[in-house]
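A short write-up of the structure that comes next.
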Amino acid sequence: MSLKIAVQMDPIQRINIKGDSTFALLLEAQKRDHQLAYYTPDRLALLNGHLFANVEALSVRDQVGNYFTLGEPKRVELAGFDVVLLRQDPPFDLAYVTTTHLLERIHPKTLVVNDPAHVRNAPEKIMVTEFPDLMPKTLITRDPAGLEVDFRVRMFAPAAGIGEDPATGGAAAALGGWLGLREAPADGITRYVLAQGLEIGRPSRLEVEVEKQAGRVAAVRVGGSAVLVSEGTIEVPAAA
């Protein structure tokens, strides 16, 4: 049976199809002959108890640089869809929370995946604290003073499909090298602590160590706490 599926997501023009799970879902749904419609969260509207969105018919293909086609925008009632995929990325701010309240108006008659109430009531950054035996030492705060950091930093890479990165070791190393040239003593080791990801609700703490010898930066080291989320093996072919 063909389903009418609407996807609420970030601007499709910005995604990196090589690693975007929403795009994978869309490809599979289209493969199964379901009808796709696309909209961004800012296009939602609640009028007299009825939830509307300006949607565009969507077709997708696995071709970098030419991976989607949109139809003409039209205002429709979301209760007319069989499924709504709630796929927008953080920040998990008031605007995000408001969309979950709006989508509850049509769920479960229209299936919203994931359930908007559970999305709202089980935010990933707080829910994980229910499992302290599986976590490293963790601090959740918006107070920079509580982080005891030297610099609060942000890193954007839209050309790589990354709106904002919560922790960037390469950029931290580059900053450490620059600070070493500008601020660190002529010789010895200077340490800096960076806070990143606060603005998108994914705080991280990066520790940067700069070593100087004879007035020159000899080494920059970046570290911090980490949690194993996956593992694998890379096989390198033997040289011919």
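The values are calculated or read from the model by the stated rules, or taken from the named source; none is laboratory data. Please read these numbers as outputs of a predicted model, since none were measured by experiment. Methodologically, a virtual Cβ is constructed for each residue, glycine included, from the backbone with ideal geometry; neighbour enumeration extends over all protein chains shown.
Figures for the structure shown
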item: Qualifying residue in the range 98-120 (condition: at pLDDT below 95, among the basic types (Lys, Arg) and over 14 Å from residue 51 (Cβ atoms)); result: yes
item: Restricting the range 103-122 to residues that are in contact (Cβ under 8 Å) with a residue 24 or more places away in the chain and closer than 28 Å to residue 16 by Cβ, the residue that is farthest from the chain's Cα centre (by Cα); result: 111
item: Test: residue 159 is in a loop (DSSP other than H, G, I, E, B) and either modelled with pLDDT of 80 or more or surrounded by 12 or more Cβ atoms within 10 Å (Cβ to Cβ) (or both); result: no
item: Qualifying residue in the range 101-108 (condition: in contact with a Gly (Cβ under 9 Å, 6 or more places away or on another chain) and either closer than 29 Å to residue 228 by Cα or surrounded by 15 or more Cβ atoms within 10 Å (Cβ to Cβ) (or both)); result: yes
item: Failed condition for residue 24, given (1) under 24 Å from residue 159 (Cα atoms); (2) in contact (Cβ under 8 Å) with a residue 24 or more places away in the chain; result: (2)
item: Checking residue 140 against (1) modelled with pLDDT of 85 or more; (2) surrounded by fewer than 12 Cβ atoms within 10 Å (Cβ to Cβ), the condition it does not meet; result: (1)
item: Pairs where the first residue, in the range 212-240, is over 24 Å from residue 193 (Cα atoms) and among the aromatic types (Phe, Trp, Tyr) and the second is in a loop (DSSP other than H, G, I, E, B) and at pLDDT below 85, C-beta under 9 Å, 6+ apart; result: none
